Amino acid sequence: MRKGFTLVELLAVIVILGIILSIASITITEYSNARKNDDYENIANIIEKNADIFVNTNDEVFNAVNSKLTNINSECKIDYSSLINANLIDGDTINPKTGNKIDKESYVKITLNEDYDFKYTFIDKDEDKTNQIKSCLESN
């Protein structure tokens with residue numbers, strides 16, 4: 001009568017467990033990355049909505065933006081730091097993708113769309129290396 005398992009049986013079980021664990025870790029990593037992307041999109045949406053509030057509740061800012069965006073698809077930017085200074089955004093907001101604070105040199109791009117409405121798009125400094133868009137608030 002045999003007691004215990006052979007070495008081959010034990011190795012087979014270890015290999016099967018290894019395969020299961022590797023599949024599980026890949027799934028968990030993919031889920032975690034998806035959650036970080038969702039969290040980032042939520043933060044970007046909040047920043048864009050606050051930029052909209054900043055523009056539409058301040059006549060001076062609205063007039064400055066309106067004077068810059070004269071053609072469809074024309075664009076200018078509102079600096080993230082302007083939203084912080086207006087107390088619309090917390091300056092300590094964390095970027096879930098990087099785990100770091102959102103850089104104050106990030107901005108919200110404002111584009112005049114085909115319906116002559118402003119479209120707001122948050123641009124993280126780390127994602128935009130060119131930074132060629134002119135400020136909405138600087139004079140020409």
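The values are calculated or read from the model by the stated rules, or taken from the named source; none is laboratory data. Nothing here was measured: the structure is a model prediction, and the numbers come from that model. Note that we place each Cβ from the backbone using ideal geometry, even for glycine, and neighbour counts take in every protein chain shown.
Laid out as a table, the results:
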{"item": "Within the range 88-123, considering residues that are in contact with a strand residue (DSSP E or B) (Cβ under 9 Å, 6 or more places away or on another chain) and of a type in the set (D, E, K, R), the one farthest from Tyr40 (Cα to Cα)", "result": "Lys119"}
{"item": "Residue match in the range 60-67 (condition: within 24 Å of Gly91 (Cβ to Cβ) and without any contact (Cβ under 8 Å) to a residue 12 or more places away in the chain)", "result": "yes"}
{"item": "Yes/no for Lys49 being of a type outside the set (A, V, I, L, M), in contact with a Lys or Arg (Cβ under 7 Å, 6 or more places away or on another chain) and under 27 Å from Asn100 (Cβ atoms)", "result": "no"}
{"item": "Checklist (1) among the basic types (Lys, Arg); (2) surrounded by 10 or more Cβ atoms within 10 Å (Cβ to Cβ); (3) farther than 30 Å from Asn100 by Cα applied to Lys36, failing item", "result": "(3)"}
{"item": "Which numbered condition Asp52 fails, given (1) outside any helix (DSSP H, G or I); (2) touching a residue at least 60 places away in the same chain (Cβ under 8 Å); (3) not basic (Lys, Arg)", "result": "(1)"}
{"item": "Of all residues making up the range 50-67, the number that are exposed (fewer than 13 other Cβ atoms within 10 Å of the Cβ) and either closer than 13 Å to Phe122 by Cβ or of a type in the set (D, E, K, R) (or both)", "result": "2"}
{"item": "Any chance Tyr80 is at pLDDT below 95, crowded, with 18+ Cβ neighbours inside 10 Å, aromatic (Phe, Trp, Tyr) and touching a strand residue (DSSP E or B) at 6+ places or on another chain (Cβ under 6 Å)", "result": "yes"}
{"item": "Candidates Thr111, Thr27, Thr70, Thr98, filtered to the one that is part of a loop (DSSP other than H, G, I, E, B), more than 19 Å from Asp126 (Cα to Cα) and of a type in the set (S, T, N, Q)", "result": "Thr70"}
{"item": "Qualifying residue in the range 99-114 (condition: over 30 Å from Thr29 (Cα atoms), among the aliphatic types (A, V, I, L, M) and loosely packed, with under 15 Cβ neighbours inside 10 Å)", "result": "no"}
